[in-house]
Structure formats: C-alpha cells, structure tokens
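Notes follow once the structure below has been shown.
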Number of protein chains: 2
Amino acid sequence: MHVVDLIRKKRDGGALTDAEIAYLVAGAATNSIPEYQLAAWLMAVVWRGLSPEELHSLTSHMRDSGRVLRFPSLPGVKVDKHSTGGVGDKTSFLVAPIAAAAGLCVPMISGRALGHTGGTLDKLESIPGYRTHLQEEEMLAVLNACGLTIVGQTEWLVPADRTLYSLRDRSGTVESPYLICASIMSKKLAAGLDALVLDVKTGSGAFLKQEAEAIHLAELMVATGNRAGTRTAALITNMSQPLGRMAGNAAEIVESVEVLRNQRHPLTEDLRRLSLELAGWMLYLGGKVRSPDEGIQLAEELLLGGLPLKKFRCMIAAQGGDLGWFESPQWLHRPAHRQPITSSSAGFLASVDCHQVGWAVQRSGAGRTAAGEAVSAHAGVESHKKVGDPVTAGDTIFTVYVEDEARLPSVVATLNQCFTVSAAPPAPEPLVYRVVS
Amino acid sequence: MHVVDLIRKKRDGGALTDAEIAYLVAGAATNSIPEYQLAAWLMAVVWRGLSPEELHSLTSHMRDSGRVLRFPSLPGVKVDKHSTGGVGDKTSFLVAPIAAAAGLCVPMISGRALGHTGGTLDKLESIPGYRTHLQEEEMLAVLNACGLTIVGQTEWLVPADRTLYSLRDRSGTVESPYLICASIMSKKLAAGLDALVLDVKTGSGAFLKQEAEAIHLAELMVATGNRAGTRTAALITNMSQPLGRMAGNAAEIVESVEVLRNQRHPLTEDLRRLSLELAGWMLYLGGKVRSPDEGIQLAEELLLGGLPLKKFRCMIAAQGGDLGWFESPQWLHRPAHRQPITSSSAGFLASVDCHQVGWAVQRSGAGRTAAGEAVSAHAGVESHKKVGDPVTAGDTIFTVYVEDEARLPSVVATLNQCFTVSAAPPAPEPLVYRVVS
C-alpha cells in the first residue's frame with residue numbers, strides 16, 4: 001500500500017477502504033508514516049470529508065490503536081457524558097455523581113483547559129491531593145467503591161490520536177467535523193462505554209459558533225457511537241454565556257458542591273437544569289428509565305435525596321483528595337485579589353461575548369497558553385447577571401479573581417468589552433436547542 | 001508570522017499576501033519550515049487554488065530563491081520554448097537551432113525523462129561526450145559561440161522548487177495547475193528570458209488529458225510570464241499519438257538531424273510542422289517578425305537554408321559532444337535487439353494509447369523508474385503509422401528497440417494493446433488546437 005495513493009484518492013473525493021484507513025492509523029500510532037504525508041491526508045479530509053464507512057473505520061482503528069478498557073468485573077452499565085467545551089461548564093461534577101447514584105458506572109476520562117475553555121482535570125486538581133492519573137486497576141477500585149471516577153488520559157489510550165491531534169494543531173487541520181468526531185469518539189469508545197451522552201455546545205462561547213455546525217458534528221458522533229455499539233445521543237446546548245455563576249478552577253468545584261447540596265441560586269439554575277437533562281439522558285440510555293423525561297425526573301429526585309453528593313465525596317476521597325474543606329467550601333476558593341466589572345448604563349443585559357469571557361478566565365490565570373503550564377486554582381471570573389436580567393447603572397456584571405495582581409488590567413479591559421446592555425430585554429433563548437439521537 | 005495561520009487562511013479560501021508567500025517560499029528554500037506544514041499548505045492550494053496575485057508572488061519568490069541568470073553581455077534577445085512533456089517530443093532540437101539561426105539567443109534549461117515522458121537531457125547524453133551540466137560562464141561561452149545551449153538544472157537555480165517539487169511528489173499534491181505553473185515558470189523565469197513559448201500538450205500521451213485542463217494551465221502560465229515581464233504565449237497541441245517517428249534517446253537525435261537536414265518523411269511531418277509553429281512564435285515574441293505567421297514563414301526559410309543544422313552542430317561541439325557520427329547518424333542509434341508489432345486486422349489506424357506507448361518506451365530502457373537510474377541510449381519505440389493511415393493485415397505498427405532482450409516481452413505485450421484499427425478512417429484531429437497569448 002502506498003500512502004501517496006491513499007492521499008490522492010481522498011484528495012480526488014474518493015473513499016478509502018477499511019484496510020487503507022487501518023494502514024494510515026497504524027502508521028500514525030507507530031510514527032511509521034511521515035508527518036508530511038499524514039498532514040496532506042488530513043488536509044484532504046478537511047476538504048473532502050469522510051463517508052460514514054470511512055468515519056467508522058477511522059474511529060474504530062484509532063480506538064483500537066491502544067488499550068481499550070473493558071472492566072468485565074464491573075457490575076454496572078458503563079455510561080459517560082462528554083462536552084465539546086465551554087465556559088463555566090461544570091456539569092461533569094453533577095451528572096457523573098447522579099448517574100452513579102442511580103447505579104450506573106461512570107468511567108470518565110477528561111481533559112485540561114484548552115484555549116478559552118476550562119478543563120475538568122484542572123478544576124479537580126484545585127482539591128488538595130486529588131490524583132487525576134490513575135492506573136487501570138486503581139480506576140477499577142474507585143469505580144467499584146463509588147460508581148464514578150474522573151481521570152486524565154493515559155498514554156496507553158488511543159496513541160494514534162496523540163499523533164494526529166498534535167499534527168492537526170501544527171498543520172491547520174483542526175477544524176474538520178469528521179476529524180473532531182474521530183478524535184473525541186475514539187477516546188470515548190476506548191473507555192468501553194455502553195452509553196454516551198454528548199453535550200455539543202453552540203454559541204459565542206463554543207468552538208462551533210453556528211448551530212448548524214454543532215448539529216452536523218452531533219449527527220456524526222451519534223451515528224459513529226451507535227455504529228460502534230455504544231448507545232449515543234447528543235444535546236445541542238446554548239453556550240452564549242457562561243454556564244452557572246463561576247468560571248475558573250476551585251470556584252467551579254465550590255459551585256458544583258452547592259448544587260449537589262441543593263443550595264439553589266438564580267444564577268446556577270441553568271447549570272442545574274442542564275445537568276439534570278444530561279443526567280436524565282444518561283439514565284435513559286443506561287437503561288434505568290423508559291424515557292428521557294423519566295430520566296430527568298429521576299435525576300432530580302436523586303439530587304434532592306443527597307446521594308450524588310455522597311458519590312462525589314466518595315470519588316474525591318478514593319482519588320486522594322482532601323475533604324476537610326467540604327464543610328466550608330469557600331476555603332477552597334481563596335483568591336488574593338478581586339475586582340468588580342460594573343455597568344455604566346441601565347436596562348437589561350442584552351448579550352455576553354462568551355468567547356472573550358473564556359479568554360478573560362484564561363488570562364486571569366485559570367487557563368494556560370501552552371501545554372504543561374501550571375494554572376491558578378483560585379483565579380477566575382464570576383458572573384452576577386444572566387442575559388435578560390435587569391441592570392441598574394453601577395451594577396456589578398462580573399467579578400475578576402486573580403492570584404497575580406499584574407494580570408488584572410488585561411482581564412478587566414477584556415471584560416469591560418464583553419457585555420452589552422439594552423433598553424428592552426432580549427428575546428429569551430433556549431438552554432437546549434435540540435436532541436440528536 | 002505563524003505558518004499555521006497561513007495554512008488556515010488558504011484552507012478557508014483566503015488569499016495570502018506577498019509577504020506571507022515570501023515567508024513560505026523562504027522556509028521551503030532553506031528547509032526552515034517543517035515538511036508537514038508545507039504539505040498541508042500544498043494540499044490547501046490543490047483545494048483552493050491561487051489568486052493571480054498569489055500565483056505571481058509564488059512564482060516570483062520561487063524564481064528569486066536562487067540565482068537568476070542575467071547574461072548582460074549577451075547581444076541577442078533571450079527566448080526559450082518549454083513543453084509540458086510528451087512522447088517522441090524532440091521539438092527542442094529543432095526550435096532552438098532555428099531561433100538561434102534567426103539571431104535570437106536560447107538558454108534552454110531542460111529536464112530528464114519523467115514517468116511516461118522522455119527527457120531532453122537523456123536524449124542529448126546519447127551523443128558521446130555531450131555535457132549537460134555547465135557552469136554559468138560556460139553557458140555564456142556556448143551562447144556567444146552558437147546562440148543556443150541546452151543544459152540541465154543546476155543546484156543554484158530555484159532551490160525552493162527542489163523542496164516543493166520533491167514534497168509534492170511524496171504528498172499527493174502534484175496535480176494542481178497553480179503549483180505546476182509556479183514550478184515551471186519559476187525555473188523558466190530564472191533563466192532571465194525576454195520571451196517564452198509554451199507547448200502545452202493534451203491528449204492520451206500528455207499529463208493533462210483534457211483540453212480544458214491544458215487551456216487553464218496555459219492561461220495561468222501565460223499570465224504569470226507576461227506579468228513577470230517575459231513575453232509569453234502557449235500553443236495547446238495534440239499529444240494523442242507519439243510526435244514524429246521515433247521515441248527514445250539516440251533515435252530522437254537521429255530523427256531531429258534528419259529534419260534539420262530537410263530529409264522529409266511522411267511520419268515526421270507532424271514534428272516538422274509543430275516545430276515550425278513553435279519556432280515561428282519564438283521569432284515573433286523575440287521581435288524578429290511582425291506576426292506569428294511571418295515567424296512560421298521565416299522559420300521554414302531558415303530551416304531550408306541549413307543554418308539551424310550548423311547551430312545544432314555548433315552547440316554539440318561546444319558542449320563536448322562527438323560529431324563523428326553526423327555523416328552516418330544511424331551509427332548513433334544501434335539497438336541490440338528489435339521486434340516488430342504488427343496488426344492482425346486491416347482498415348485504418350483509429351487510435352493510439354499514447355500514454356501506454358510512453359510507458360512502453362520507458363520500459364524498453366529509455367526511461368527510468370527512479371531518479372538517478374541510468375537510461376539506455378539505444379532503446380525506444382518507432383512508429384510506422386500515424387492515426388488515420390491505412391493498415392493492411394500484417395503491417396508493422398511499431399518496432400521495439402532494446403539493449404536488454406529481457407525487456408522485450410513486457411514492452412511487446414504493452415504495445416500490442418496500444419492501438420485500434422477500424423473499418424472507416426477516424427475524423428482528422430488538428431495538431432495545434434489553439435494559441436493562448
């Protein structure tokens with residue numbers, strides 16, 4: 001098999017066979033195909049897309065390029081949730097404990113802050129002692145004890161994706177729904193899931209700004225997951241403003257614990273609602289209820305009953321995390337400096353540039369500019385208004401939290417440009433646009 | 001400047017600035033941009049094409065990536081002819097001497113056999129002693145003495161093309177008219193030409209099978225040449241059967257000398273006619289006549305006068321070539337083995353698969369399968385019929401010449417499949433489809 005022939009075939013709009021895609025994936029996993037050939041093929045895929053058969057082949061062979069978790073000794077149905085990335089998105093800390101409380105098993109492999117979006121692992125690591133890198137047998141022990149584990153990707157998982165993901169970043173071939181689908185789904189399927197709920201975000205704070213793009217990606221991922229034998233559904237959700245109240249690291253853990261404790265607050269209602277919808281779909285696809293609506297109802301009952309909070313504590317303890325702060329969560333989030341961002345005009349909060357809020361969070365110190373950089377546990381941005389809320393002149397719209405005072409001016413300058421106030425309230429937008437299943 | 005941003009810009013259909021293209025070309029020439037990024041950009045160019053400004057920038061910066069010949073001491077107008085590659089195409093050995101006979105100066109930088117097409121340098125090297133690699137001052141001396149020189153590309157010429165050409169071959173990005181144009185024109189313009197005539201071939205024996213593709217490439221090259229200050233025109237010509245009688249190396253030199261000697265033969269009339277048309281355009285663009293038609297007329301007068309033959313001998317001698325064979329040219333072409341390919345049916349030669357004839361020539365030993373391989377001076381294929389000629393059962397259609405008898409079976413098998421005979425004569429096709437100027 002000649003790689004150049006495979007590149008030319010895709011370049012000219014043809015579809016590669018399963019054996020041809022297997023050859024390319026093996027070459028990526030073992031670094032035996034030169035990067036210039038993989039890059040040319042990736043650009044041809046950006047151009048021509050992939051047929052459903054090609055996407056299935058690519059995802060399956062990427063999944064199988066490394067170890068695939070099976071956990072045959074686990075009693076529960078294995079379910080996970082994956083989000084395409086947002087600002088203030090902390091639903092994982094709610095849906096995984098709720099699903100575990102329902103008797104499902106959630107082996108969640110998460111990522112770090114990337115660009116303007118936050119990282120689940122970075123948030124968890126703001127808990128002193130919490131270990132995000134577990135061996136397979138440690139994961140199994142946590143799952144058996146608590147029903148959920150949230151860990152980082154290890155090197156034995158989908159090595160082909162490591163090569164291709166890094167190359168896409170360096171060769172301008174990130175933005176292909178087919179390549180995004182194969183990257184996400186190969187990693188999720190390598191966790192040996194029975195069911196998967198995808199949170200595909202759209203709007204100013206999402207990677208996919210247009211709803212049509214989000215729906216296309218969702219359709220690809222749902223088809224790919226179902227074809228691989230994992231019951232998969234996707235919710236297309238609104239990321240035009242930060243989710244909940246806090247965006248950062250420790251601050252998001254604190255907020256999540258408040259929701260798990262049923263301490264309700266108008267600014268966290270969107271987070272609570274979305275988490276219940278995602279968890280409801282997890283319960284439905286995991287076979288615990290007969291419909292998504294029943295799932296949402298059961299999720300809320302479980303949350304009100306308090307078991308999800310216990311599950312979350314169980315996981316933190318099992319992964320080495322400190323629990324001493326649990327009775328006074330504000331101890332976990334101790335920023336050295338804070339500064340309010342106020343509105344000079346009155347009316348209604350008309351819009352938020354959620355992408356720029358995400359970059360403000362990143363620049364506050366909560367994110368990173370290069371892989372491997374340390375992040376601040378205490379930095380972040382708090383939202384005091386939701387789109388549509390009334391605003392009086394002088395009202396605080398955001399509060400910036402930093403450890404390093406020198407970071408304040410740039411974050412403040414960004415946030416001052418990040419919102420608009422109008423005389424009339426904007427038309428309300430749904431939290432979930434639609435479900436692809 | 002970030003290369004990934006430039007790749008993304010082209011990927012999304014944008015046009016790069018002159019400075020951005022200069023950066024990419026410099027990176028290619030100095031190997032300071034990784035091949036995977038250049039390959040991704042090349043594939044994006046295959047996809048999106050280049051604007052006229054981008055093509056001008058790319059060609060100009062490639063040209064200027066190495067030395068550009070100026071020859072300020074040369075008295076004549078500098079003119080050249082370039083062909084996109086064919087089978088039996090030996091017009092260079094006719095048009096360069098005719099143009100030199102008219103007082104023009106022809107610094108022709110040629111290539112080697114590639115795939116199914118022959119190479120001017122390989123043909124000339126069948127002349128004992130002929131040196132195709134000259135230093136700049138040697139080229140100048142030959143030009144001053146004879147008015148023409150035909151040499152190989154040297155390493156100081158267009159180094160950016162060496163990187164990009166090799167990478168295109170390995171990354172499936174050869175087939176882009178924009179990249180083909182930039183590659184050809186950067187090398188031609190680096191010879192410091194005042195005028196250039198392009199022979200863009202189409203038909204079964206050409207790289208561009210479709211006339212529309214040939215016209216598009218011709219338009220790009222003509223626009224690029226004129227914009228760079230070199231008067232440029234292109235003839236779209238018929239390559240649906242081998243040009244002239246012989247395809248090989250020494251055999252093509254012998255045939256060329258016959259034409260230069262005005263030894264006319266029905267099977268070489270297409271070669272003679274095309275050479276006069278190309279030479280006529282060289283004389284016109286070189287300012288020797290007032291119209292292409294006058295140029296063709298003057299070219300024929302010069303050919304009949306015998307001066308082009310003297311110019312060709314002058315060049316061979318000046319570049320170290322033996323002239324002893326000139327009085328008995330058959331000495332130059334001495335194949336060890338020959339075998340006729342005959343027709344089993346009668347009628348008219350309806351078509352020739354010129355692409356496959358080209359591969360038969362290559363497999364006879366006249367071409368190569370990898371760069372750097374030696375070629376046979378004496379191998380090749382002779383055509384005994386032109387499309388439209390009457391055929392009697394048992395007539396010889398081709399003769400195969402080889403030095404290595406083991407090569408015969410595969411060449412014979414190919415050629416037996418390479419022609420069709422029909423009851424009625426096929427509709428005649430023009431030799432020159434059109435001129436782009």
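Each pair of Cα atoms in the protein assembly as shown enters the Kirkwood radius, and Stokes-Einstein at 25 °C and 0.890 mPa s then converts it into a translational diffusion coefficient of 78 µm²/s. DSSP beta bridges fully contained in the protein assembly as shown are about 55 percent antiparallel. A viscosity of 1.002 mPa s and a temperature of 20 °C, combined with the Kirkwood radius over C-alpha pairs in the Stokes-Einstein formula, give region B:233-272 a diffusion coefficient of 196 µm²/s. What residue among A:Gln297, A:Gly347, A:Ser176 has its Cα farthest toward the positive end of the dipole of chain A, where the charges are +1 on Lys, Arg and -1 on Asp, Glu, each on the Cβ? After comparing all options, I get A:Gln297. Partner shielding of A:10-23 amounts to 1, given as the average count of beta-carbon atoms from other chains within 10 Å of each residue beta-carbon.
Applying the Karplus relation 6.51 cos²θ - 1.76 cosθ + 1.60 with θ = phi - 60° to region B:388-399 yields 3J(HN,Hα) values of x, 5, x, 10, 9, 4, x, 5, 7, 9, 9, 10 Hz, where x marks Gly and Pro.
Give me the accessible area buried between chains B and A, both sides summed, with a 1.4 Å probe, in Å² rounded to the nearest 100.
Accessible area lost upon association: around 1700 Å².
With Cα atoms as the point set, region B:66-222 shows a radius of gyration and Dmax of 15.5, 44 Å. Close amide H pairs (under 5 Å, H built 1.01 Å from N) link B:Gly118 with B:Gly86, B:Gly88, B:Asp89, residues at least 5 positions away or on another chain. Relative to one another, the C-alpha centroids of region B:97-174 and region A:53-132 are positioned 61 Å apart. In this Cβ point-charge picture (+1 for Lys and Arg, -1 for Asp and Glu), region B:127-258 has a dipole of about 260 debye about its Cα centre.
Inter-copy label distances at B:Glu211, shortest first and taken from points set 7 Å along Cα to Cβ: 5.1 nm.
A dipole drawn for chain A from +1 and -1 charges on Cβ atoms has a positive end, and of A:Ala145, A:Leu274, A:Val432 the residue lying farthest that way is A:Ala145.
Across region A:250-260, rounded Karplus estimates of 3J(HN,Hα) from the backbone phi angles (6.51 cos²θ - 1.76 cosθ + 1.60, θ = phi - 60°) give 4, 4, 6, 5, 4, 4, 5, 5, 4, 5, 4 Hz, Gly and Pro being marked x.
Using a Debye calculation, one point per C-alpha and no hydration shell, please list log10 I(q)/I(0) for region A:7-66 at q = 0.14, 0.15, 0.18, 0.19 Å⁻¹ in order. The Cα Debye sum returns log10 ratios of -0.33, -0.39, -0.56, -0.63.
Using only Cα atoms, what is the ratio of the radius of gyration of region A:238-397 to 2.2 N^0.38 Å? Please report the intermediate quantities before stating the final value.
Working: Rg = 17.7 Å, N = 160, 2.2 N^0.38 = 15.1 Å.
Output field value: 1.17.
The label point for A:Arg70 and the one for A:Glu301, both projected 7 Å from the Cα toward the Cβ, are 3.6 nm apart.
Other residues lying with their Cβ under 13 Å from the Cβ of B:Leu298 contribute a combined charge of -3, Lys and Arg counting +1, Asp and Glu -1. Under the criterion of Cα pairs below 8 Å and six or more residues apart, the relative contact order for chain A equals 19 percent.
Residues in region B:5-152 average 31 Å² of solvent-accessible surface per residue, probe 1.4 Å, ligands and nucleic acids excluded. If you take the beta carbon distance between B:Glu405 and B:Ser344 as r and set R0 to 30 Å, what does 1/(1 + (r/R0)^6) give as a FRET efficiency, to the nearest 0.05? FRET efficiency, B:Glu405 to B:Ser344: 0.80. Most simply put, chain A has about 55% antiparallel DSSP beta bridges, counting only bridges with both residues inside it. Taking a Cβ cut-off of under 13 Å around B:Pro159, the surrounding Lys, Arg, Asp and Glu residues balance to a net charge of +1, with basic ones at +1 and acidic ones at -1.
Give me the tail of P(r) for region B:9-159 as a percent: Cα-Cα pairs with distance above 27 Å.
39 percent
For region A:213-223, 3J(HN,Hα) computed residue by residue from phi via the Karplus equation (6.51, -1.76, 1.60; θ = phi - 60°) reads 5, 5, 5, 4, 4, 4, 4, 4, 5, 5, 5 Hz, glycine and proline entered as x.
Within 10 Å of each Cβ of A:173-185, how many other protein chain Cβ atoms are there on average? Intermediate values should be presented prior to the final figure.
Numbers: counts 8, 2, 3, 1, 0, 0, 0, 0, 0, 0, 0, 0, 0.
Mean partner shielding for this stretch: 1.
For region A:109-162, taking the reciprocal of the average inverse distance between every pair of different Cα atoms yields a Kirkwood hydrodynamic radius of 12.2 Å.
Length, then width, then depth: along the principal axes, the Cα atoms of chain A run 67, 45, 39 Å. Unpaired cysteine residues in the protein assembly as shown (no second Cys Cβ under 4.7 Å): A:Cys105, A:Cys181, A:Cys354, A:Cys418, B:Cys105, B:Cys181, B:Cys354, B:Cys418.
Return the carbon/sulfur percentage of the accessible area of region A:270-371, one whole number, probe 1.4 Å, all protein chains in place. Please report the intermediate quantities before stating the final value.
On the way: 2250 of 4400 Å².
In region A:270-371, the share of accessible area belonging to carbon and sulfur is 51 percent.
Once every Cα of region B:279-371 carries one equal point scatterer and solvent is ignored, give the base-10 log of I(q)/I(0) from the Debye formula at q = 0.10, 0.21 Å⁻¹, two decimals. Ignoring solvent entirely, the Cα scatterers give -0.58, -1.01.
From the mean inverse distance of alpha carbon pairs (Kirkwood) and the Cα radius of gyration, derive Rg over Rh for region A:198-302. It would help to have the intermediate numbers written out before the result.
Details: Rg = 15.0 Å, Rh = 14.9 Å.
Taking Rh as the inverse mean 1/r over Cα pairs, Rg/Rh reads 1.00.
Here region A:288-342 was treated as a single set of alpha-carbon atoms; its pair distances binned every 5 Å from 0 give 4, 14, 14, 15, 14, 12, 12, 10, 3, 1 percent. For region B:188-232, what value does the Rg/Rh ratio take when both radii are computed over Cα atoms and Rh is the Kirkwood radius, given to two decimals? Rg divided by Rh gives 1.05.
Using the crude model of +1 on Lys and Arg Cβ and -1 on Asp and Glu Cβ, and no other charge, please compute the dipole size for chain A relative to its Cα centre, in debye to 20. All intermediate terms of the calculation are to be shown ahead of the outcome.
On the way: 41 positive and 45 negative charges, 48 e Å.
Computed charge dipole of chain A: roughly 240 debye.
Once you have a ≥ b ≥ c as the square roots of the Cα gyration tensor eigenvalues for region A:141-236, tell me rounded if a/c is under 1.5, and otherwise prolate or oblate according to whether a/b is larger than b/c. Could the numbers behind the result be given before it?
Numbers: a/c = 1.78, a/b = 1.27, b/c = 1.40.
Oblate, since a/c reaches 1.5 and b/c is not below a/b.
Distance from the alpha carbon centroid of region A:219-257 to that of region A:391-415 works out to 27 angstrom. Mean per-residue shielding of peptide B:43-49 is 5, counting Cβ atoms of other chains within 10 Å of each Cβ.
Tell me, Kirkwood radius of region A:70-143 from alpha-carbon pair distances, in Å? Walk me through the numbers before you get to the answer.
Values: mean 1/r = 0.0743 Å⁻¹.
Across region A:70-143, the inverse of the average 1/r is 13.5 Å.
The values are calculated or read from the model by the stated rules, or taken from the named source; none is laboratory data. Everything numeric in this text was worked out from a predicted model, so none of it was measured. A quick note on method: Cβ atoms are made from the backbone with ideal geometry, for glycine too, and the neighbour counts reach across all protein chains shown. We work out accessible area using only protein heavy atoms, side chains counted, and drop any ligands, DNA or RNA first. Shrake-Rupley method; radii C 1.70, N 1.55, O 1.52, S 1.80 Å.
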